[in-house]
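The values are calculated or read from the model by the stated rules, or taken from the named source; none is laboratory data. Computed from a prediction, not measured in an experiment: that's the story for all the values here. Cβ coordinates were reconstructed from backbone atoms using ideal geometry, including for glycine residues, and neighbour counts include every protein chain displayed. These accessible areas exclude ligands, DNA and RNA; they are computed on the full protein's heavy atoms, side chains included. Shrake-Rupley method; radii C 1.70, N 1.55, O 1.52, S 1.80 Å.
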Amino acid sequence: MTSAMAPPSSVTVRVPAKINLELVVGAPRPDGYHPLSTVFHAVSLHDEVTVWPADEWGLTVTGPQSLGVPEDGTNLAARAALLLAESAGITEPVHIAIRKDIPVAGGMAGGSADAAAALVACDQLWGLGTPRVELEHVAAEVGSDVPFLLTGGTAMASGRGEVLAPVLARGTYHWVLAVSEGGLSTPAVYAECDRLRGDRPVPDPAPTPEMMTALRSGDPRALGAALANDLQAAAISLMPALADVIDAGLEFGAIGGIVSGSGPTVAFLAEDNESALDLAVSLTASGTVQDVRRATGPAHGAHVVSGVRAR
Ligand code: C5P
């Protein structure tokens, strides 16, 4: 018989992808990062991360989007688990198994999502009960998007993306995600943004009243009109075909369309579930993109789905 306090033999955590409803980018800081004002929105495309005690550290990646994902210490999930172990004085290795359904290098924070999931999973496996603010601190060390993937929902962020604040956001939104062939490197897209701006002065990033009003209203049309991304021009400059993808989606009835984060995934907003289905069918038939996915938002942040420690 298992004792009531027996530690779980493995823990599985589900974690969503994100899109940026608004991404306002400032001039680069001395450390190379760009100050941001952004609205993160978690959507229902998920990865699953399972961890269990092992003789040595290991990591494997499976699932529909596993191609090209590193299975070594450079994987953000491994870095996150090691950092948490280090900060908590844990010396027992774990194996990390990632099941990927979030497109890789697509601007949807798939790698950051796996890191957030690994933190929650290891925290549970090791029975640490790390306070949320400490977990967010470790998350921010791993990457700018990782703290948001712990939280999920819809949230404002500043700093380099790691400083989160709540935002009043109503409604459920129906998204169609157009995934292009080949990824874009986030640093390359930021560098291209700087290059395109040249010597022009760049104001300090701030949220726009249009986005705040749209989120409060819960009206998809208002949100569609308010979507904005300062990295979009840079992503299109590096991958010109993205302009055609955006045009195609809008022509097929999307009420808004935007490059997600640093791209190249394009997120289209549909009026409702039925319109999202129609849009997904038209985009698929158009042959302009490699893959078309539907998702709703907001979605919950990283959460344990099995291996809950008995109390
Ligand atoms: O924080 P993270 O490791 O995810 O960032 C990846 C890269 O994206 C950084 O090395 C940097 O080149 C760029 N970046 C940036 N400004 C941000 C976030 C990311 O320039 N606010």
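Residues that are more than 14 Å from the ligand (Cβ to nearest atom) and farther than 21 Å from residue 86 by Cβ within the range 132-155 comprise 151, 152, 153, 154, 155, listed in sequence order.
Between 38, 62, 50, the distinction of being surrounded by fewer than 22 Cβ atoms within 10 Å (Cβ to Cβ) and modelled with pLDDT of 95 or more belongs to 62 only. If you go through the range 66-84 and keep only what is surrounded by 20 or more Cβ atoms within 10 Å (Cβ to Cβ) and away from the ligand (no atom under 16 Å from the Cβ), you end up with 81, 84.
The number of residues in the range 30-46 that are farther than 15 Å from residue 163 by Cα and either assigned to a loop (DSSP other than H, G, I, E, B) or touching a Cys at 6+ places or on another chain (Cβ under 7 Å) (or both) comes to 3.
Residues in the range 111-131 that are within 16 Å of the ligand (Cβ to nearest atom) and open to solvent by 10 Å² or more (accessible area, probe 1.4 Å): 111, 112.
Return the only residue of 291, 230 being surrounded by fewer than 19 Cβ atoms within 10 Å (Cβ to Cβ) and in contact with a helix residue (DSSP H, G or I) (Cβ under 9 Å, 6 or more places away or on another chain). When all the criteria are applied, what remains is 291.
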